[in-house]
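Notes for the one structure printed next.
The values are calculated or read from the model by the stated rules, or taken from the named source; none is laboratory data. Source: prediction; values computed, not measured. Cβ placement follows ideal geometry from the backbone for every residue including glycine, while neighbour counts extend to all protein chains displayed. To get the accessible areas, we keep the full protein, side chains included, count just its heavy atoms, and leave off ligands, DNA and RNA. Shrake-Rupley method; radii C 1.70, N 1.55, O 1.52, S 1.80 Å.
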Amino acid sequence: MEYSDHDLMARIKNGSQEAFADLVRRHQDSLVNFFRRLGAITTAEDLAQETFLRLFKYRKKYRPDAKFTTFLYTLARHAWADSMRKAKRGETLATRLADGQDGSPDAAPPDSHAQIDANTAMALLPEKLRVVVVMSIYQGLRYEDIADALDVPVGTVKSRMFLAIRRLQEKFNVKT
Amino acid sequence: MSKPDSERPCQRESDAVAYLQDELPARERAEFAAHIENCGACRSLVESAGNVLNALKQDSAAAVPSHDLVSDIMARIPAAEWQERPERILRPQFSLPALAGAAAVILISVAAGLFFLFNDTTPARENNTALSRQPDGTGIVAPDTTPARNSAIVSGLAWLRNAQEPDGSWNAAKWGAPESHTVGVTALSMLALLADTCGDPDNADSIKRAVAFLCKNQDTNGAFGPQCANSMYNHGIAAVALIKAGRADSLAGDAALDKACDLAVRYICSAQQTGGGWGYTAGNSDRPNTSVSVWQLQALLAAKDGGQSGLAENIRRATMWLGNMVDGTGQMGYSNTEQSPPTQGTLTAAGLLCLAAADPALQKNGKFSGMFAAILSGMSSPDDRPDYYRSYFITRALRLSGDNDARTRITAKIEGNLIASQTRQGPAAGSWETRDQWTSAGGLVYNTSMAILALE
């Protein structure tokens, strides 16, 4: 029998290390992928670990009526935001690409006519837009869940997603 | 809705992406679908945005962790954080509600102590001297006699022997751990049996069967056990156990065992990373860490001690790498000097043992005194929650410091806690059921083996 995320969280609250190990194994791939998509080239695993440590720390604040993935990605978003603020340890693709540029979201790739891959195009998005795209496209979260995780209205998610795709259209050489 | 001017964006364009992702409420979706029939700008936008979304989705190469993160994460959570309601692996002997789990542990411990005091059911060579309960301010009970420790060891070894499978293994899955760790826990059990100085003939038979199991589970490359995420743990512990078994009188000169040891050591050498350490799996794909590396280095040192030649360079590289993991305060890091898990000196103690064995002359080095200081500092206010792994390495490392008050005090506390927490009744009598932070990896066999090793 496979425990649900809710069941595992309930057991973790009661001190079950096995449940915590199960939960980590269940979600570690998607979390590492999440941070890699955001641009953490060398620190994705560290950030995933940090997220799980926060999950443990705040285990008693988790309410079963909340969606687990929302809770998890809220913590992941906070871990990411903190790492961006500190930004000393671990080089991100975004910062590497922005090196020497003004770092603004409108900064063009070196050759605006060259075809660039999705990761590179994503790295050129402002962080707020990039998070929404990653959560939606690669993590499969619904707008409502993203809104909860980011603590913004659903309408904001919708507009950020729209803006992101418009900007990617300009940066990402897609034949239309 | 009127058709927008080609020079001005349509006011509804921001719905385009949500429409494509099926994120609009049903009514809005229907309205937008009707809208794009008449709005060329939005229709074009839907098409181009669709291409972008498809292009992003095509880039589906998912990054995965280089290794299972569980051990790393567990190492960063202080054991005390888990202990509010400790779980027990086996069902309690009494039908206590789950919510009373913590209280049950205390009650059973007390009951076990009383049982131990008033029941003369132990082997004749044991002296059932009562435990002296002398709270020393930290709430930790210190033992007052060696016989109490001997009794705990004897009953622990008896439990281990009874838990052994007919094929010589200890089945990890049967006792609360992943099945892929069977080789590792079998090797730990062997080490506990090998460390018994009483020479019980039952132990010798059990060790022989365990040796046979490990040899059967060695592949042609010399690797033990399945090639799982933690395979080098399995391998390193098995190698140490087999090399030590080869020194036992009953197994001296066993050609099959000698060959298995030789192959095991060669595999360790081949799995050593360029920098000198080892990761969870063989080769350079995993980040090396001190926790895995100390077992490999122990095996190499034991093999060298047994007369195997050609290991000097591997040991030199490993020792150099391990030494570089010690930070300025004497603490041994995990993968670098900045990553010292809050495990109260476990890695430092394990590293110290290896470094001291590699070059006894290094014990005069200032780094060693720093490491001792770090261990003592970590144990200066120890909680009484179990950590069998830590207990083993700390007690061993402190022996290097000779007799002194700090060692006596810390060892007495550790032993006192272990003796007091051993299960004394029911089918699990002799084992250590109270969980520590590694029990999820090794189960009850790990608990019991490491507790015995810490006491021996």
Hey, can you rank A:58-71, B:219-232, B:147-160 by average C-beta count inside 10 Å, highest first? B:147-160, B:219-232, A:58-71
Filter on B:K208/B:K304; A:K13/A:K57; B:K208/B:K244; B:K208/B:K259; B:K244/B:K367; B:K216/B:K259 - keep pairs with C-alpha separation over 19 Å: B:K208/B:K304; B:K244/B:K367
With θ taken as phi - 60° and the coefficients 6.51, -1.76 and 1.60, list the Karplus ³J(HN,Hα) couplings across the stretch B:322-337 in order, rounded to whole Hz; mark glycine and proline as x. 4, x, 6, 7, 8, 8, x, 8, x, 7, 8, x, 8, 10, 7, 6
Mind listing the Cα extents of the stretch B:131-455 along all three principal axes, in Å, largest one first? 53, 49, 33
Sequence order, the stretch B:385-402: Karplus ³J(HN,Hα) from phi using 6.51 cos²θ - 1.76 cosθ + 1.60, θ = phi - 60°, Hz rounded, Gly and Pro as x, gives 6, x, 8, 4, 4, 4, 4, 4, 5, 5, 5, 5, 5, 5, 4, 5, 7, x
What does the buried accessible surface come to for A and B, summed over both chains, with the probe at 1.4 Å? Round to 100 Å². 4400
Counting sequence-distant residues (5 or more places) and residues on other chains, those with an amide H built under 5 Å from that of B:V326 are B:G333
What residues in the stretch B:67-81 lose 50 Å² or more of accessible surface when the other protein chains are added to their chain alone (1.4 Å probe)? B:L69, B:V70, B:I73, B:R76
Between the stretch B:221-295 and the stretch B:310-338, how many Å separate their Cα centres? 18
Sticking with the crude label model, points 7 Å out along Cα→Cβ, report the distance from B:K259 to B:M320 in nm, one decimal please. 3.5
Report the full-extension gain for the segment B:T220 to B:R27: residue separation times 0.36 nm, less the Cα-Cα distance, to one decimal in nm. 62.9 nm
Here, GluC sites (Glu not before Pro) of the stretch B:17-70 satisfying both criteria (DSSP loop; at most 12 other Cβ within 10 Å) are none
Pop the C-beta distance of B:S369 and A:L53 into the FRET formula with R0 = 35 Å and round what comes out to the nearest 0.05. 0.60
Peptide ranges B:318-324, B:201-207 listed from the most packed, as the mean C-beta count within 10 angstrom indicates: B:318-324, B:201-207
Mind listing, in residue-number order, the residues in the stretch B:12-34 that have at least 10 Å² less accessible area with every protein chain present than in their own chain alone (1.4 Å probe)? B:E13, B:S14, B:D15, B:V17, B:A18, B:Q21, B:D22, B:E23
Residue-span extension gain [B:R149 to B:E165] - 0.36 nm each, minus C-alpha spacing: 3.1 nm
Which of the residues in the stretch B:43-57 show a loss of at least 20 Å² in accessible area from their chain by itself to the complete set of protein chains, at a probe of 1.4 Å? B:L45, B:S48, B:N51, B:V52, B:L53, B:A55, B:L56, B:K57
Largest-first principal axis extents of the Cα set of the stretch B:238-341 (Å): 45, 27, 22
Backbone HN-Hα couplings from phi across the stretch B:309-315 [Karplus 6.51/-1.76/1.60, Hz, Gly and Pro as x]: 9, x, 9, 4, 5, 4, 5
Rough spin-label spacing in nm, given labels placed 7 Å along Cα→Cβ, for B:E179 and A:D29: 2.0
Pop the C-beta distance of B:E37 and A:E127 into the FRET formula with R0 = 51 Å and round what comes out to the nearest 0.05. 0.90
Carbon plus sulfur fraction of accessible area for the stretch B:131-455, probe 1.4 Å, in percent: 51
Mind checking the mean number of beta-carbon atoms from other chains within 10 Å of the Cβ atoms in B:306-314? 0
The stretch B:131-455: relative contact order as a whole-number percent, Cα under 8 Å and 6+ apart: 22
In terms of modelled amide H atoms, which long-range or inter-chain residues lie less than 5 Å from the amide H of B:Q308? none
As an exercise, use a Förster radius of 41 Å and the Cβ-Cβ distance of B:E338 and B:D202 to find the FRET efficiency, rounded to the nearest 0.05. 0.30
